[in-house]
Structure formats: structure tokens, C-alpha cells
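Just so it is clear, none of the values below were taken in a lab; they were calculated from the coordinates. These numbers come from a predicted model, not from an experiment. As a convention, Cβ positions derive from the backbone with ideal geometry for all residues, glycine included, and neighbour counts pool all protein chains shown.
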Amino acid sequence: MTKPHRWSIRDSARRYQIEGWGAPYFSINDAGHIQVRPDSTQDRTIDLYELTQQLVARGLDLPLLIRFPNILHDRIRLLTGCFESAIEEYGYKGAYRGVFPIKVNQQRHMVEEIVDSGRPYRFGLEAGSKPELLIALAAMEDEDGFILCNGYKDLTYIEAALVAQRFDNKVLVILERIEELDHAFVASEKLDIRPCLGVRAKLSSKGMGRWASSAGDRAKFGLTTAEIVHVVDELQKRDMLDCLQLLHFHLGSQVSSIIPVKNAMREAGQLYVELCKMGCGMRYLDVGGGLAVDYDGSKTDFHASMNYDVQEYAYDVVAGIQTACDKANVPHPVLVSESGRAVAAYQSVLVFDTVGVDQVSFGEPDRPPADSHAIVRELYEAWEGIRQKNVQEAWHDAQQGLEEARSLFKFGYLGLRELAHAERLFWHCCERIREHVRQLRQVPEELLSIEELLGAIYYCNFSLFQSAPDIWAMDQLFPFVPIHRLDEEPTIKARLADLTCDSDGIVDHFIDVAEVQNTLDVHEVRDGEPYILGMFLGGAYQEILGDLHNLFGDTNAVHVRLEDYGYTVSNVIKGDSIEEVLRYLQYDPEDMVERVRKQAERALNAGRMNLHQLRAFMRHYEESLRGYTYLQDES
Ligand SMILES: *Cc1c(COP(=O)(O)O)cnc(C)c1O
């Protein structure tokens, strides 16, 4: 006899794919708890379960969003490092500058962490709307700052960006629609500022998967070839060719295969070279976002995964533009990428507890009285006769019995109590069949669904719509894992229901190596003991897409940072209340005005800005803070 296998943390690591999606940040420690290693260059770890208990003890109730700024820093270092390696290895002559797209998470603490962590790597910010530009201008005070302006732009947006070009920062306005060119001319003339412009190209190369329509001929943003030529002609007419400095494209998010990236680089490289030849002041190539995250750890081109890594991405981007430039004898541009997801996804974990369990469990069925309907007695006999060797047959009998009972009821031949009895017997049969199926080495295809049919529902203390809206909106997959008891075998298969009354508020798609699963393996909840789960890799988009959408407000959130002596807890944000958007995001508009005013004064003193521009800008900045976040009528 072989010894019965004792469940180990290695089994859990395999079951939940932790190596695949979590390395180097998440793993299991000897206590069977999830541990976090926020800085991949150090061996220090934080026990997530103990941390959660400590935070709860401080009065921070679950659900709780725990952010690890060290992880953010680590991701920026990784991304920049990969590009720098590629640049060095290939002898590329341009530099790399990453920018963080603010739309991924506009929270002040988040943006400030990015600016702080990104400083040594000369990381910049990308704004996709006017409210985001106002944030970027206040947050990026460095002399060497770098801000890209994307999104739908009206005249006032462009005016703000143009005046900010007089700051120490490099601010570039990327034309995404042809109409914006006229705004740029008007603003430039009105403010007497030569604009620094970029163009977003609609490449014919597309991404892959859910966001593929972000590129291609009918994409929402970007200029067609004809429009780009028109821009060049108009600039030339005004002797402003030097103003066009950047070429941008964006393939869409979560590009899970490297092939579209290679194709896009070939097309964009050619376009860049042509713009240089037409005499534009080209200096930057901006390859947009799209760098993927391996949510299921499978390293494939499945939509929740990626078949390449950051280093390969950097190699392909650098090689793509280098080849085109060298062939045409054009200087290598500064390479810019706008990776949001890949930078932010890992930095936060949502921890929440289970508040209730709905589990099918029956024990022994009642024997039907002798005068019961034949169908009820047959179902009982079917239950009695279930053996390992006839499970499949028993499954057919049970299904048929239930169907017949329901049809007899419909035609009035079976009473309500008898139907109820028949249905209960059906579930008893299922339960017994499942017991046998679990012992089988080879489970017949049609019996695979029985686990799901009998699967439990774990009610959890969180809102899907608030904390993971993409699960609801686009069936996105995130890794869910219990953060403790991982040295015990998880014997229950469950779906996770949230607290909303919405029937869509349920997680029923889970990552797996082979196939997406409808249930998650969980442990039996013990009386009087919390059962705590974590949702991982939700650090990009989820927080901001969720928060203004629901009556379950923001969750509590904290930053946990490694220190020499352990870790510190800071930036405790109690999740609640409804105020104005910026205050809701922990901004202090007065302070922002002050900070921007200081920069404007600096520009004034240095003679880069005149009083008229300063006044126009400050008025605009303050009015924008007070004003509408959506498009304003151009006047
Ligand atoms: C959303 C967006 C990004 C970020 O994309 P990720 O896939 O998160 O890296 C970058 N650039 C533009 C223009 C975007 O719209």
C-alpha cells in the first residue's frame, strides 16, 4: 500500500497556478499563507494573512485593498530595464521614456507613487482627457518631466497643454482627430506659442482579442494616412514642420500575442521614416500601451495570458524601429511606451472574507410512501441502486426521472408535494453519483458537469461592480485564491457571489492551466473562523472603472511599504462618502492651483511665459477645476 498523499503547499501552488501568474511577487509560505515579496531584488516577504489580521486589528474592515508601492516601483524598474538592455544590446542610439497612462488609476496616491518611483527612470505621465491633464500638470513638477496629451481634445484642452509647454516639462499634444489640428493652430496663434505636436496613426495592423478594435481603419481614434499627409501639408504651409515631433499608435490593451506588435512596429517604423523624409521635426516614437499581463499564468496567446515577456517586447520594439531608421538613414528616435496594465496590475490585492455558504447537502432521502406516484418510487429506487460501476446509467435514470416528473406535473398528473419529493430525490441521486465519480480515474465527459451542478456558492464581502468591474463587463479573469489554509486540501468547488442583489454579481469563471473553470476550489468554512480570499492582479483599471458606478463605495485602502525594519502602513483611505470628483480622489484643488501657480511663476521669472499667458493659464486651470469634466463648447 502506498501512503495516502498528504496535501502540501506545493499542491496548492499547482492548483492555483501561483508560480505562473504570481512570480516573483506572490507565493505560499510554510504556514500555508500567501506571502508577498514586494521588491523582486530582495528576499524579504510579508505574510498577507498576518498583514490582513493586523490591518483589521487597526480598524480597517474588510474588504480591503492593499497596495504595495514597492511592486509598482519594481514594475517600472523592470520595464525600463528591459528597454535599456535592448537599447544597449542592439546599439540603438535613442533613449527610452516610459509614461504612465493616468486613466489606469487616477487616485492621487497612485499617481504620486508613480511620479516618485518613476523619477530615477525619467518616467512620464499620459493624460487622456482634460481632467487628467490637470492632474498631470500638478503631479509632474520635475524639470525633466514628460507629459503626453491624448484623448478627445477641445480648444481649451489644447490651450492648456500649449501653455504648459512653457513649463520645464516636455508636454506633447498628440493629434487623434483631424479637427484637433485647427484647434492647435488657433491656440498657437492666440497664445503665441509654437506647439509641440504628435500624431496618432491608425495603423492597419491590429492587436488581438478584446481590444483589437482600438486599432485598424475604423478605430475610434487616430489619423488615416491621408489625414497625416494633410497635417504635414498644413504645417508646411505655415512653416511649422518642426512642430511635428512624435508618431504614436496604440494597438489596444492586453495584446496577448507578440505577432501584432512585430507587425505594427514594421508599419510604424516605415511611417516614422517617411515623416522624417517629409521634413518633420520627428524625435519620438510612441508605441502606446498593450503590453499584456499573464492573468492565468499559462504563457499562451489566450486572452487572459501572453505568449511573450517584457524583455521580448522591448527587443521587438527597439529592433522594429531601428531597422526602419537604419535602412533610411534616419536618426533613432526616443522610444516612448504607455504601458498601464503591465505597470499597475500587480501592485494591489483585494482581500475579503466569506460571509455565508450555500451548499447542496442532503444525507439520506425520505422513503416515499407506498401510495406515491410511480415516478417518485422509481427515483427512490434509482437512488438505492447507484454503484460505482453504473454511475453513468444512474445519471441517465435520474435525469429522465426528473424530466418525467416535471412533465407529469405540467399536465396535472403529479401534485406539488410529489414534484418536490421527486426533485429532492434527483438531488440525492446527484450527490451519490458525485461521490462515486470522485473515485473514478477516468470521468465520462457528461459527468464532469455534476460538480458544477452541485457546486457551492460562497457569499463574499465585496462588490464585483466596485472592485472587479471587468469581470462583469468583459468576462475578464483574475486569479482568486484563499490567502490561508493552503496547507490543507480545498475540497469544495464554489462560485463566489458578491453582496449586490444583481444576479450578475457572481464570479463563475476562474483561471486554470487547461480550461477556464466555473468554480474555484475552496476550503470548508469552519464555524467561528474567518475564511479570507484574495483577488490578485486587479491593480489596473478596476479601481477607477468601479468606483463611481455603485452604491457600494470604494473599499478601504492602504499602502504597505517595505522599510529597513519591516514595513509601514500609510495612506490609509477610508472608503466612503460622495463629494466632488477630485476631492473624492483625494486631490486638494487649492493645493493643485498653488503647485501649478508656482510652476507658472517659475516660467514667468525665467521669461518663458508672459503675464498674459500666465493669467490665461491660471484662469483656465482654476475654471477647469470648477468646471465640467466633459467637453465644453468651444468659444
Ligand atoms: C489605455 C491606453 C493605454 C494603456 O494601455 P495598457 O494596455 O493598459 O498598457 C495607452 N495608451 C493609450 C492611448 C490608451 O488609450
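For C196, the residues whose amide H sits under 5 Å from its own are V173, ignoring neighbours fewer than 5 places away on the same chain, with H placed 1.01 Å from N.
Using θ = phi - 60° in the Karplus curve 6.51 cos²θ - 1.76 cosθ + 1.60, the 3J(HN,Hα) couplings for region 48-58 round to 5, 5, 5, 4, 4, 4, 4, 5, 4, 4, 7 Hz; x is entered for Gly and Pro. In this Cβ point-charge picture (+1 for Lys and Arg, -1 for Asp and Glu), the chain has a dipole of about 1400 debye about its Cα centre. Overall shape: prolate for the chain, with the ratio a/c of the largest to smallest alpha carbon gyration tensor axis at 1.5 or above and a/b above b/c. Footprinting exposure proxy ranking of K389, K262, K130, fewest other C-beta atoms within 10 angstrom first, gives K389, K262, K130. Here the contact order of the chain, divided by its residue count and restricted to Cα pairs under 8 Å and six or more residues apart, works out to 17 percent. As a proxy for reagent exposure, K277, K237, K206 were ordered by neighbouring Cβ count within 10 angstrom, fewest first; the result is K237, K277, K206.
Each of K220, K153 was scored by other Cβ atoms within 10 Å of its Cβ. Listed from fewest to most, they are K220, K153. Amide H contacts of Q35: S27, I28, N29, L48, each under 5 Å away and 5 or more positions distant or on a separate chain (H built 1.01 Å from N in the peptide plane; Pro and chain starts excluded). Put simply, the C-alpha atoms of region 374-451 give a gyration tensor, and the ellipsoid matching it has half-axes of 25, 11, 9 Å, longest first. Label reach from E435 (point 7 Å along Cα→C-beta): in region 382-405, amide nitrogens under 16 Å belong to 382-392, 394-395.
Distance between the modelled labels on Y459 and N518, one decimal in nanometres: 2.2 nm (7 Å Cα→Cβ projection). For a modelled paramagnetic label at R14, 7 Å from Cα along Cα-to-Cβ, the residues of region 487-508 in reach, with backbone nitrogen under 17 Å, are 487-491.
Residues whose amide H falls under 5 Å from that of N556, counting only those 5 or more places apart or on a different chain, are L65, G575, with hydrogens built in the peptide plane. Each residue of region 246-387 gets 207 Å³ once the volume of the Cα convex hull is shared out per residue. Converting phi to 3J(HN,Hα) with the Karplus coefficients 6.51, -1.76 and 1.60 and the offset θ = phi - 60°, region 11-23 yields 4, 5, 4, 5, 4, 9, 6, 4, 3, x, 9, x, 5 Hz in sequence order, with x at every glycine or proline. With θ taken as phi - 60° and the Karplus curve 6.51 cos²θ - 1.76 cosθ + 1.60 applied, the whole-hertz 3J(HN,Hα) list for region 367-382 is 6, x, x, 4, 8, 5, 5, 4, 5, 5, 5, 5, 5, 5, 5, 4 Hz, x standing for glycine and proline.
Count Lys and Arg as plus one, Asp and Glu as minus one, and take only other residues whose Cβ is under 11 Å from that of E180; the net charge is then -2.
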